[in-house]
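Following: one structure in structure tokens, then a few remarks.
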Amino acid sequence: MIAKRVWPTLLLAFSPFFVFAQTDEPLTTPVVVDPWYVTETISGRIDVGDFVVGPGRAEVSLKPGESMVREVTVTNRISEQRIFKLQVEDISGTADGSAALQVIEGERGPYSIRDYVSFPEDTFTLNLGERARIPVTITVPPDAEPGGYYGSVLVSTVQLGEDGNEVAPRNPIIARVGSHVFLTVEGDISRSGETIDLSTLPSQWWYQSGPIKLAIAYENTGTIHVNPYGELTIANVFGEEVGRVEMEPWFVLPQSIRTREVTWDREFLFGRYTAKATVNRGYDDILDTVEVTFWVLPWKLLLLIFGVVFMVVFLIRLFLKTFEFKRKA
């Protein structure tokens with residue numbers, strides 16, 4: 001996802017669809033080698049008023065005492081000579097499934113990664129159309145407990161005063177874009193979770209027409225994230241399968257609930273339907289099955305049908321009464 005300057009920081013932290021952009025611009029050869037990061041020039045349209053951070057998510061597995069260097073890329077498509085700032089914040093899931101994850105501002109999360117992530121400096125400068133490759137070092141202490149650790153490398157723009165020091169922006173709306181880091185410290189890890197619910201969205205038993213949106217809730221009770229996946233099938237009142245939707249893997253952070261939305265994209269529907277989700281928990285090949293039943297009754301069509309039936313019955317009765325009257329006469 002591409003962050004624009006009009007996005008508020010608070011929205012970034014608590015949005016239910018907190019997903020970050022991948023870098024996708026074509027590259028030319030590197031043009032500058034800085035003492036601690038490399039820049040390169042991109043081609044195509046570059047003055048679109050935003051900046052791009054990638055990758056959206058990096059999964060790293062290390063043993064206690066090990067370290068690794070990964071790259072985070074930042075592309076300037078705002079203006080010339082933009083200064084960017086790096087910051088590490090913890091992230092966590094939500095207890096009600098309202099968001100995939102949330103940024104924990106200024107505090108430590110339950111699976112804090114702050115002390116494990118570092119970079120040589122926390123600010124850098126890019127010209128318009130330049131991309132920086134920022135080395136991010138992930139270091140696991142020798143005494144680290146096995147399990148998952150989660151955070152995000154956040155990137156924002158910086159404004160400097162005449163004295164060269166950072167000043168508060170004139171516009172209180174600040175864009176921050178991040179690259180998630182999912183760190184697994186190897187050892188005795190507990191993977192535990194299950195699919196707990198399947199419901200229509202919004203939750204109701206009757207609809208006028210399709211498409212039908214459904215929500216699958218998965219609860220992760222372990223100490224590391226899992227990536228469940230599966231499929232959704234829809235059967236009519238006769239038990240015949242009339243729809244199928246594949247569900248690609250999605251992540252669920254530990255000690256949280258995440259709701260996955262699925263759309264059955266079919267418009268003309270009529271009658272009673274049963275949706276069944278078969279979900280692989282993302283470990284040990286364990287499958288969960290949850291179901292929900294709903295009706296699709298297009299009231300305008302039903303009203304028209306009832307009107308036609310009423311008119312036909314009325315005309316038949318009128319004809320029979322007229323015929324009977326003539327025969328008596």
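All of the numbers you see were taken from the coordinates with simple rules; none came from a lab. Since we're looking at a predicted model, the values are computed, not measured. Please note: Cβ atoms are built from the backbone with ideal geometry, for glycine as well, and neighbour counts cover all protein chains shown.
So what is log10(I(q)/I(0)) for the stretch 193-297 at q = 0.12, 0.16, 0.20, 0.21 1/Å, when the Debye sum runs over its Cα atoms only? Once normalised to I(0) and log-transformed, intensities are -0.39, -0.66, -0.94, -1.02. If the chain linking Val69 and Leu128 were pulled fully straight, counting 0.36 nm for each residue of separation and taking away their Cα-Cα distance, it would gain 18.6 nm.
Between the beta carbons of Ser98 and Val313, assuming R0 = 41 Å, the FRET efficiency works out to 0.20 to the nearest 0.05. Residues of the stretch 183-200 falling in the label zone of Asp284, defined by backbone nitrogen less than 14 Å from a point 7 Å along Cα to beta-carbon, are 189-195. Between Thr137 and Glu261, the simple label model (points 7 Å from Cα in the Cβ direction) yields a spacing of 4.2 nm.
Highest average first, the peptides 141-151, 175-185 ordered by how many other beta carbon atoms sit within 10 Å of their residues are 175-185, 141-151. Considering the zone a paramagnetic label at Gln87 would reach in this model (a point 7 Å from Cα along the Cα-to-Cβ line), which residues of the stretch 133-155 have amide N under 20 Å from it? What the label zone holds, given the 20 Å backbone N cut-off, is 134-137, 150-155.
Cross-link partners of Lys85 among aspartates and glutamates, defined as those whose alpha carbon lies under 14 angstrom from its own and excluding same-chain residues fewer than eight positions apart: Glu121, Asp122, Glu166. Taking each residue as 0.36 nm, the span from Trp295 to Glu246 lengthens on full extension beyond its C-alpha to C-alpha distance by 15.4 nm.
At R0 = 56 Å, how high is the FRET efficiency between Asp115 and Ser209 if r is their beta carbon distance? Nearest 0.05 is fine.
Rounded to the nearest 0.05, the efficiency is 0.60.
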